[in-house]
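Peer 1: Please see the structure below; I have some questions.
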Amino acid sequence: MRTVAVVGASLAGLSAARSLRKQGYDGRLVLIGDELHRPYDRPPLSKEFLSGTLGEAELALETDGEDLAAEWLLGVRAAGLDHTGRAVRLADGREVHADGFVIATGAAARTLPGSEGLAGVHTLRTLDDARALRDELGRGGRLVVIGGGFIGAEIASTAYALGLDVTVVEAAPTPLAGPLGETMGAIVSGLHTDHGVRLLCGVGVKGLSGDERSEMGVPPDGVWGRVDAVLLEDGRSIPADIVVVGVGARPNVEWLEGSGVALDNGVKCGADGRTSLAGVVAVGDCANWYEPRLGLHRRVEHWTGARERPDAAVATLLAGGAVEPGVPRPPYFWSDQYGVKIQFAGHAAAADSVTVEDGTADGRDVLAVYRRAGNPVAVLGMNQPRSFMRWRKQLAAATS
Amino acid sequence: MIPACRLVDLPRGEAHRLDVHPPVSVFHTDDGELFAIDDTCTHQDASLADGWLEGREVECPLHASKFDLKTGAVDAPPAKLPVRTHEVLVEDGMIYVRLSTDAPNLPPCIAARLAGGPA
């Protein structure tokens, strides 16, 4: 293999580049990124960076003096993959020819239809998003967060600490029921109400209202005016100076349509990152890996997956698909909200029971174990790092 | 030299945290070696004594950066700086630690707190 193109220059892409060099690949290495920034760490964007505790320099993922001997093409989006011609087409017309490809184009924040061009409405995914939101939060006021998932909850927690008046609106009856299940989702999202943050559940958002919004279409400067309220489906109107839309992310794979790479909720991958095309692997948020423990594909949007899985994908790429994939560690993620460290490992959806093994729901310090047919399949910790780690190790040992 | 704990009270695979400033932890590896390093991850306020001990490495319980117990070196982000290592001695069944005189690499939130700034 003479040239490897890594498409995507965030944690998954950088980790893939590092894995390539670590595994002895000494050919040409090209990293393509649609953002102008060098790889940076996203988890602090909703937490320490947003609150101003952490600066931009501290977000850098590369270490001082790190040299991957790579060519960096930043600020340019990939527009297509030509598998026959072995090339990535870039949005500016250039082509990068390679014999190995790592797809790591991540995911993009979902938006609220009709909110385009309304000032004061934000999503949070990139450093530029975070800069804009941080500047607005610094001015204070009333914040409405649409979506009670982890990103939304972390932003609510940060804004609360900054002194804003915060409301979280969640369409489902219980926030976080998907990743944590109903019972634990209710306990974790109880952190909002503990701190006087309003939590409105089971009600959808009808739209946003803005002070100078007209029906005449987008004005020449592209800005309609400023948001002043979130309109709910039950008729209520929640006054807002700032709105954050935190309703999930969709994989950035449109550029691969027609390339021959099988797509299904992202790039469909085996348990080692291989795709339907030889010489092409996919990692990170855009990749829908086969999960041997569940017997199905699962697109995991966790930092840890973007960090760890490129090792296996790169081994597969370099071996031409000849390696037997090992069973990866159970997915793991963490979240920091209202001073509570929330950690989760495994798959909640696989469980038929959840028991609190330590701590209490009211104390917001539970250690909960999820089981299926008596066997642990997932663990949740709130401010329980030591017991959580013991259970996480057990989980990995039991299922590997 | 600071007494840590008795060797018999620290089984293999476990860690013992010393209540000094900044905290230091002694690790007893599965192979029976003893190491002492600063307990706080250089990235964020997390206790490495709560981490995943494997071989001569400990993985931060929060964000999975791995530190070499012998050298203090870190293998991967988000942490970028090494932890300090300290000398460990065992005498008459007691574990002692001789603290390093180097400056510690504390995470920004802790460093700010120690300097009296906002946490």
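Each value in this text was obtained by applying a stated rule to the coordinates, not by laboratory testing. A quick note: this is a predicted structure, and the numbers were derived from the prediction, not measured. Neighbour counts are summed over all protein chains in view; Cβ atoms, including those assigned to glycine, are modelled from backbone coordinates with ideal geometry.
Peer 1: How high is the FRET efficiency from A:Asp365 to A:His97, r the C-beta distance, R0 41 Å, rounded to 0.05?
Peer 2: 0.15
Peer 1: Please turn the phi angles of the range A:238-245 into ³J(HN,Hα) values with the Karplus equation 6.51 cos²θ - 1.76 cosθ + 1.60 (θ = phi - 60°), one per residue in order, whole Hz, x for glycine and proline.
Peer 2: Values, residue by residue: 9, x, 8, 9, 9, 10, 10, 9 Hz.
Peer 1: Now a separate question. By counting other Cβ atoms within 10 Å of each Cβ, how are A:His195, A:His122, A:His302 ranked from fewest to most?
Peer 2: A:His195, A:His302, A:His122
Peer 1: Indicate, rounded to the nearest 5 percent, the antiparallel portion of the DSSP beta bridges found entirely in the protein assembly as shown. Display every interim value, and only then the final one.
Peer 2: Working: 76 of 111 bridges.
Taking every DSSP beta bridge within the protein assembly as shown, about 70 percent pair in antiparallel fashion.
Peer 1: If R0 is 45 Å, what FRET efficiency do you get for A:Gln394 and A:Ala79 from their C-beta distance, rounded to 0.05?
Peer 2: The computed FRET efficiency comes out at 0.45.
Peer 1: Partner chain Cβ atoms within 10 Å, averaged over the residues of B:76-84 - can you pull that number for me?
Peer 2: Taking the mean over all residues of the peptide, I get 4.
Peer 1: Would you calculate the separation in nanometres between label points at A:Ala132 and B:Asp102, each defined as 7 Å from the Cα along the Cα-to-beta-carbon direction?
Peer 2: Between A:Ala132 and B:Asp102, the label points sit 4.3 nm apart.
Peer 1: Determine, from the Cβ-Cβ distance of A:Ala278 and A:Glu66 and an R0 of 41 Å, the FRET efficiency 1/(1 + (r/R0)^6), rounded to the nearest 0.05.
Peer 2: Values: r = 31 Å, r/R0 = 0.75.
Calculated transfer efficiency: 0.85.
Peer 1: Which residues does the label zone of A:Arg250 cover in the range A:69-106, counting backbone N under 15 Å from a point 7 Å along Cα→Cβ?
Peer 2: Output list for this probe position: A:106.
Peer 1: Calculate the dipole size of the protein assembly as shown relative to its Cα centre from +1 charges on Lys and Arg beta carbons and -1 charges on Asp and Glu beta carbons; express the result in debye to the nearest 20. Could the numbers behind the result be given before it?
Peer 2: Working: 50 positive and 69 negative charges, 154 e Å.
Here the protein assembly as shown has a charge dipole of around 740 debye.
Peer 1: Using 0.36 nm per residue of separation minus the Cα-Cα distance, give me the extension gain between B:Cys5 and B:Ala111 in nm, one decimal.
Peer 2: 35.4 nm
Peer 1: Going by a ≥ b ≥ c, the root eigenvalues of the Cα gyration tensor, does the protein assembly as shown fall in the rounded group (a/c under 1.5), the prolate group (a/b larger than b/c) or the oblate group?
Peer 2: Judged from the Cα gyration tensor, the protein assembly as shown comes out oblate (a/c at least 1.5, b/c at or above a/b).
Peer 1: Provide the per-residue ³J(HN,Hα) series for the range A:106-116, in order, calculated from phi with Karplus coefficients 6.51, -1.76, 1.60 and θ = phi - 60°, each as a whole number of Hz, with x at glycine and proline positions.
Peer 2: x, 9, 10, 5, 5, 10, 9, x, x, 9, 4
Peer 1: Could you pull out every whole DSSP H run in chain A that spans at least 20 Å of Cα extent along its own axis and averages -0.5 or higher on the Kyte-Doolittle scale? Numbers along the way, then the final one.
Peer 2: Working: long enough: A:303-318 (24 Å, -0.08); A:385-399 (21 Å, -0.73).
TM-like helix candidates: A:303-318.
Peer 1: Right, another one. For every other residue with a beta carbon closer than 12 angstrom to the beta carbon of A:Val323, add +1 if it is Lys or Arg and -1 if Asp or Glu, then tell me the sum.
Peer 2: Neighbour charge sum, excluding A:Val323 itself: -2.
Peer 1: Taking neighbour counts of Cβ atoms within 10 Å as a proxy for exposure, in what order, fewest first, do A:Trp289, A:Trp255 appear?
Peer 2: Working: A:Trp289 27, A:Trp255 20.
Result, fewest neighbours first: A:Trp255, A:Trp289.
Peer 1: Out of the DSSP beta bridges found with both residues in the range A:111-245, what percent are antiparallel (nearest 5)?
Peer 2: Rounded to the nearest five, the antiparallel share is 30 percent.
Peer 1: Loop by DSSP (not H, G, I, E, B), at most 14 other beta-carbon atoms within 10 Å: where is the longest site-free stretch of chain A for GluC sites (Glu not before Pro)?
Peer 2: A:258-400
Peer 1: Once both labels are modelled 7 Å past Cα along the beta-carbon direction, what's the A:Asp264-A:Ser209 spacing in nm?
Peer 2: Result for the modelled spin labels: 4.6 nm.
Peer 1: Right, something else. Go through A:Leu180, A:Gly148, A:Ala132 and say which Cα lies farthest out towards the positive end of the charge dipole of the range A:111-245; charges sit on Cβ, +1 for Lys and Arg, -1 for Asp and Glu.
Peer 2: Looking along the dipole axis, the top candidate is A:Leu180.
Peer 1: Would you mind checking which residues have amide H under 5 Å from A:Ala229's amide H? H placed 1.01 Å from N; only 5 or more apart, or other chain.
Peer 2: A:Ser209, A:Ala240
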